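All remarks here apply to the structure that follows.
Nothing in this text is a laboratory measurement; each read-out follows from the coordinates by a stated rule. Every value quoted in this text rests on a predicted model; they were computed, and no experiment measured them. In this analysis, Cβ positions are derived from the backbone assuming ideal geometry, glycine residues included, and neighbour counts consider all displayed protein chains.
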């Protein structure tokens, strides 16, 4: 999938979901340390180790952070329950395996054998990827990241280890739930979302420029009587969902004529309504428009 579409979709998703939306990106500033970032965003200096693991900063003896570096800051995601959802189905979708249903249910204060309530919003643990070092065991990893060595059995089950010892270089997923953000953390999350949307807008500009170069071809299709081609081209433009208002007005004006010629009065009326909404200066001039077009536009009038 093109990066433009991914960014645009993510930007839209961020605008429609709750504030906490999984991990977010933070650009390191002068004077920042991992400890200061952990304290500022989580209110807990000890969460420094989570930032280290999430960004693989402990690889090859450890790596320092520098201004301008992008850090992934883990946070909880949320998901609204829909009719038909089950804990195994949700765990498969959100955590990667239906067998993790018990962890997801317990994280939300319930049991996996009780169905999730339709319409409720659940918290989704963050899957922290821990790369085992020499001397690591499932017990030490549980204690380090979950604060309780007795939760080693949870990690063993979560990672389907069956009691096998952890080897150096192996990946162990740790489902984190204690990731509540401070006000500063929530502000950083919003700023990260804005950055994602600004990147998407840069790609939107490319789409706008491409459509601008093709608009003359659309107009030529209509004038040349190639109405089916015009409808196909125009709807391809609309599918980008990133056109300027003047571009949208032009596209709908051409669709009005094409649909009218194809004897699709309902679609012609809808296109006329969009055209007039996008272009307040649009007029139904009988000198420039045929009676068929004016009739379609009058049909769309309230």
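Quick look at the numbers
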quantity	calculated
With Cα atoms, 0 to 90° folded angle of helix 183-223 axis to the chain main axis	30 degrees
Label-point gap, in nm, between residue 28 and residue 241 - each point 7 angstrom along Cα→Cβ	3.6 nm
Gyration tensor verdict on region 205-300 (Cα atoms; rounded if a/c is under 1.5, prolate if a/b is larger than b/c, oblate otherwise)	prolate
For region 15-161, diffusion coefficient by Stokes-Einstein and Kirkwood Rh (Cα), 25 °C, 0.890 mPa s, µm²/s	145 µm²/s
Whether region 130-239 is rounded, prolate or oblate, judged on the alpha carbon gyration tensor where a/c under 1.5 counts as rounded	prolate
Intensity falloff of the chain expressed as log10 I(q)/I(0), Debye formula with alpha-carbon point scatterers, at q = 0.11, 0.12 Å⁻¹	-0.82, -0.88
Between helix 265-278 and the chain: long-axis angle, C-alpha atoms, 0 to 90°, nearest 10	70 degrees
Gyration tensor (alpha-carbon) shape descriptor, region 138-183, a/c threshold 1.5	prolate
Protection proxy ranking of 243-250, 64-71 - average other beta-carbon atoms within 10 Å, highest first	243-250, 64-71
Label-point separation in nm, residue 45 to residue 72, each point 7 Å along Cα→Cβ	2.7 nm
